[in-house]
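The values are calculated or read from the model by the stated rules, or taken from the named source; none is laboratory data. Only a predicted model underlies this, so the values are computations on that prediction, with no experimental measurement involved. Here Cβ is always computed from backbone atoms with ideal geometry, including for glycine, and neighbour counts include all displayed protein chains.
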2 protein chains.
Amino acid sequence: MKNKADAYQKAIERALEKYLPLPDQKVLHASVIDAMRYSLLCGGKRIRPMLTLAFCELCGGDPEQALPFACAVEMVHTYSLIHDDMPCMDNDDMRRGKPANHKVYGEDMALLAGDGLLTKAFETVLSAEIDPLRVIQGAQILAECAGAEGMVGGQCIDLRTGDGDHSLQTLQMMDMGKTVALISAACRMGCTAAGAVQEQLQAAEKYASGIGMAFQIRDDVLDVLGDAGKLGKNTGADCKQEKVNYVTLLGPQRAQILVESYTAEALEALQNFSGDTAFLKELARTLAGRET
Amino acid sequence: MKNKADAYQKAIERALEKYLPLPDQKVLHASVIDAMRYSLLCGGKRIRPMLTLAFCELCGGDPEQALPFACAVEMVHTYSLIHDDMPCMDNDDMRRGKPANHKVYGEDMALLAGDGLLTKAFETVLSAEIDPLRVIQGAQILAECAGAEGMVGGQCIDLRTGDGDHSLQTLQMMDMGKTVALISAACRMGCTAAGAVQEQLQAAEKYASGIGMAFQIRDDVLDVLGDAGKLGKNTGADCKQEKVNYVTLLGPQRAQILVESYTAEALEALQNFSGDTAFLKELARTLAGRET
C-alpha cells in the first residue's frame, strides 16, 4: 500500500504542478496565481485524487490517463477549503499546518483563488486525452457532485444547521453533500476514465459513501480527541461554534463504532470488482483509524 | 433587431429557468437554490447569451441547440457579479436595481450561490446535445476565459491597481480579463456550437474585443455621467474608491471617442461572415450609446 500510495502521490504532485500556471511576478495577475498555487501545492494527503487513480486502475485503465480527472477533483477540494476558511464562512486561520489562504493573501484574493481553482478544475478535466464521451461524463460527474445538489448544497446545510435542526438525519444529509459527494466523484471519475460499466460505477459509489461517511465521522472524533499539532488545524472548532456533529450527538465511542460500520460497507462494495483491491481496502482501513 | 432580441431573450429566460433547480423549501439546501435563482433570474440584459445565440445562427447553426452554451455564459457572468459585490471585493449594495445577493442572503450564502452558479455553468454547457467534440471545445473556451488567465485574472488586476499602477496599459489588461474574456467566450462558443471554422472563430474574437472594450469604457463613462436610477446601481463608485478608469485617465469625451473606435473595429470584424449580421451590427451600435 505504501509503495502504491507513494507512486500515486508523486504522479499527482507532478501533474498538479503541470496544470497550474508557473509563478511569474511580471504578469499583472501574479497574486491570484500565487494564491492558487499556495493552497493547491501545499502537500495535502491527496486522498481524493488517489481514489481516482486507484479506481481507474481497478477497472483496467491506465492511471496516467486519469491524472486530469484526479487533479480536477483535488482542485475542487482545495477551492472548497479556501472558501470554507474565509471569515464569512467557518473563519479558520489555519489549514494543513499553515495560515489559511485569506490570512496570507487577503480575503479578496482568497475568494478569487477559490474561483480560479474551481474554473481550472474544469479546464483540467476537459484536457484529458481519452474518448470524448468519457471526458464529458467525467466532467458531468464532477459538476453534479461539486454543485448545489452536492458539495455546495452540503455546505449550505452546514451554515443553516445553526438554525435549530439538530437531528442525525440532517447531519447525514449535510455530510452526504459536504464530504461524500466529492469522494464519490473521485471514485466514479476513475471508473469513467477507464470506461467502466454501470455496475462498477455503482459499486464505486457505494465504496465512496462508506469511506466518505467514515471519513467525516472520524473528522468529528478527531475534532474532539485529536492533536491540533498533528492535524495542522485548530481542534474543538465545532464545539466552539456550538455546532452539532456525530460526537456531540452520539459521544466519541459510538461515533467511532459508526466509523467502523461505514468502513465495513465500503470493504463489502469492493467485492464487486475482480481486480486487485488491496490498495483501496487498506486505504479504507487506514482512514477509519487515522490520527490526522 | 428588437424582434430578434425579444425572441432570443425569451428563449434564454425559459432555458435559464429550466437549468436551475426549482425553489423547494422542503429541501435542506433551499437557501442556496433561492440565492442562485435570485441573482440569475432577475432580468439582466442577457447580452452575453444573446451573442452566443446570434453567432451560432450566423455560422449556420440552430440557436436552440446553443442554449446550454448561452446560459452557461450568463451563469458565469452572474456568479462573478455576486462575488464582485461582496464586502471583501467591491462592496456594492445594489445590483440591477435590487439589493445585492449578500444583502438579501448574507455573505456566506452569497459566496456559496456564486460557487454553485459557476459549477452549474459547467454542468449546463456539458448538457448540450451536439457533437461531443463541440461540447468539449465549448466548455474549454468557457473555462479558459472565466479562469485566472481570463476573467478571474482581470479581477485580480482590478484589486491590485490600487497599488499605484495607473497606466492605460494596465487598465486595458484589466478590461481584457474582466470584460472582454467572457464576451469573447460568448461569441466563440456560439460559433463552436455551430461547428464554425477557425477563421470565423477569429473574427468572432475580434468582434468580441471591439464590443467588450467599448462596453467597458462606456461603463466608465456612465459611472461618471450616468443616472443611478436608470442603471439600477450606484454611480461614482470608481471615484469614491479612487479607482483609475478610462474617464479619470482620458476624460469623458476622449473616452467616448474610444468607445466609437472600438465599436468600428467590431463592425469591421463582421465583414468576415457571409450571413446576416444586422443583429450583431445593431447590438454593437446600441452598446456604444447605451444609457443603462
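Just to verify a result, which residue in segment B:1-37, among those that are in a helix (DSSP H, G or I) and among the basic types (Lys, Arg), is farthest from B:Leu117 (Cα to Cα)?
B:Lys2
Sort through A:Leu280, A:Leu287, A:Leu222, A:Leu250 and tell me the only one that's modelled with pLDDT of 95 or more, surrounded by 17 or more Cβ atoms within 10 Å (Cβ to Cβ) and not charged (D, E, K, R).
Of the residues listed, the single one that is modelled with pLDDT of 95 or more, surrounded by 17 or more Cβ atoms within 10 Å (Cβ to Cβ) and not charged (D, E, K, R) is A:Leu280.
Could you pull out every one of the helices (runs of 4 or more DSSP H) wholly within segment B:99-185 that has 3 or more residues that are within 16 Å of A:Leu117 (Cβ to Cβ) and within 10 Å of chain A (Cβ to nearest Cβ)?
Because the criterion is at least 3 residues that are within 16 Å of A:Leu117 (Cβ to Cβ) and within 10 Å of chain A (Cβ to nearest Cβ), the helices (runs of 4 or more DSSP H) in segment B:99-185 that meet it are B:107-125, B:132-146, B:151-160.
For the structure I just gave you, tell me whether B:Gly43 is over 19 Å from the mean Cα position of the chain (by Cα), more than 13 Å from chain A (Cβ to nearest Cβ), among the small types (Gly, Ala, Ser) and at positive phi.
So B:Gly43 fails the test.
Considering segment B:38-56 alone, what residues qualify as being of a type outside the set (Val, Ile, Thr) and assigned to a helix (DSSP H, G or I)?
Within segment B:38-56, B:Tyr38, B:Ser39, B:Leu40, B:Arg48, B:Pro49, B:Met50, B:Leu51, B:Leu53, B:Ala54, B:Phe55, B:Cys56 qualify.
Kindly indicate whether B:Ser209 is surrounded by fewer than 24 Cβ atoms within 10 Å (Cβ to Cβ), of a type in the set (Ser, Thr, Tyr), part of a helix (DSSP H, G or I) and at pLDDT 95 or above.
yes
Could you give every pair whose Cβ atoms fall below 7 Å, whose first residue belongs to segment A:83-95 and is more than 13 Å from chain B (Cβ to nearest Cβ) and surrounded by 17 or more Cβ atoms within 10 Å (Cβ to Cβ), and whose second residue is among the aliphatic types (A, V, I, L, M) and in a loop (DSSP other than H, G, I, E, B), counting only separations of at least 6 or pairs across chains?
Partner pairs satisfying both residue conditions: A:Asp92/A:Ala100.
Looking at segment B:56-78, can you tell me whether even one residue there is surrounded by fewer than 24 Cβ atoms within 10 Å (Cβ to Cβ), away from chain A (no Cβ under 13 Å), in contact with a Phe, Trp or Tyr (Cβ under 8 Å, 6 or more places away or on another chain) and closer than 24 Å to B:Thr292 by Cα?
The answer is no, given that none of the residues of segment B:56-78 is surrounded by fewer than 24 Cβ atoms within 10 Å (Cβ to Cβ), away from chain A (no Cβ under 13 Å), in contact with a Phe, Trp or Tyr (Cβ under 8 Å, 6 or more places away or on another chain) and closer than 24 Å to B:Thr292 by Cα.
Would you be able to tell me the number of residues in segment B:155-202 that are within 30 Å of B:Pro132 (Cβ to Cβ), free of Cβ contacts under 8 Å to residues at least 40 places away in the same chain and not polar (S, T, N, Q)?
The total comes to 5.
Of all residues in segment A:17-40, which are within 12 Å of chain B (Cβ to nearest Cβ), buried (at least 20 other Cβ atoms within 10 Å of the Cβ) and of a type in the set (Ser, Thr, Tyr)?
Within segment A:17-40, A:Ser31 is the sole residue that qualifies.
Considering only segment A:47-82, how many residues are without any contact (Cβ under 8 Å) to a residue 60 or more places away in the chain and β-branched (Val, Ile, Thr)?
Of the residues in that region, 2 qualify.
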